[in-house]
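The values are calculated or read from the model by the stated rules, or taken from the named source; none is laboratory data. Keep in mind the model is a prediction, meaning the values are calculated, not measured. We place every Cβ from the backbone using ideal geometry, glycine too, and count neighbours over all the protein chains shown. Heavy atoms of the whole protein, side chains included, go into the accessibility calculation; ligands, DNA and RNA do not. Shrake-Rupley method; radii C 1.70, N 1.55, O 1.52, S 1.80 Å.
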Amino acid sequence: MSATRYRRFLKLCEEWPRDETKRGRDLGTLLRQRVASAFREGENTQISDPEKCDQMYESLARINSNVYRQRFPRVRDTSFTGVTVEECRVLLSGSMQQMDDEKKGLWKKIMEKFSKSPEDAQEKAPEK
């Protein structure tokens with residue numbers, strides 16, 4: 001029976017989309033890692049709680065097949081802020097994070113300037 005569960009989870013992993021713009025933060029990648037760790041022995045893995053495993057599979061399968069999106073359709077593809085889906089994708093992708101990293105250079109300089117300990121300031125101050 002665990003062989004069937006394993007094959008179902010593998011099929012789900014194949015169907016689950018991967019978002020390359022969210023490296024290290026992608027749900028599909030996390031799902032693949034969790035399945036690999038849960039089924040270390042492949043089809044021979046002994047599952048301690050089969051009902052919980054089946055329930056988890058069914059929940060993930062419903063999310064993957066957009067059951068809730070079809071059941072609860074949205075009137076508009078924006079949020080309360082008025083940001084569109086495409087704008088959200090840009091904000092959540094790594095491109096905005098790269099821009100923040102470029103700006104960090106100035107921030108680090110300012111932090112270094114103001115975060116010096118009092119001993120460092122006294123060493124640099126001219127003695128009278």
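Restricting attention to the stretch 1-17, the residues being part of a loop (DSSP other than H, G, I, E, B) and over 20 Å from Leu27 (Cα atoms) number 1.
Considering only the stretch 64-79, I want to know if a residue exists there that is touching a residue at least 40 places away in the same chain (Cβ under 8 Å) and out of contact with any His (no Cβ under 7 Å at 6 or more places or on another chain).
Within the stretch 64-79, the first condition is being touching a residue at least 40 places away in the same chain (Cβ under 8 Å), and the residues that meet it are 64.
From the residues that got through so far, the ones that are out of contact with any His (no Cβ under 7 Å at 6 or more places or on another chain) too are 64.
Yes - at least one qualifying residue is present in the stretch 64-79.
When the stretch 9-44 is filtered for residues that are surrounded by 14 or more Cβ atoms within 10 Å (Cβ to Cβ) and farther than 30 Å from Arg89 by Cα, the ones remaining, listed by number, are Ala38, Phe39.
Which count do you get for residues in the stretch 55-78 that are open to solvent by less than 50 Å² (accessible area, probe 1.4 Å) and either over 18 Å from Pro17 (Cα atoms) or of a type in the set (Phe, Trp, Tyr) (or both)? Please lay out each step first, then the result.
Let us first name the residues in the stretch 55-78 that are open to solvent by less than 50 Å² (accessible area, probe 1.4 Å), namely 57, 59-61, 64, 67, 78.
If we keep only those that are either over 18 Å from Pro17 (Cα atoms) or of a type in the set (Phe, Trp, Tyr) (or both) as well, we get 57, 78.
Residues flagged as open to solvent by less than 50 Å² (accessible area, probe 1.4 Å) and either over 18 Å from Pro17 (Cα atoms) or of a type in the set (Phe, Trp, Tyr) (or both) within the stretch 55-78 amount to 2.
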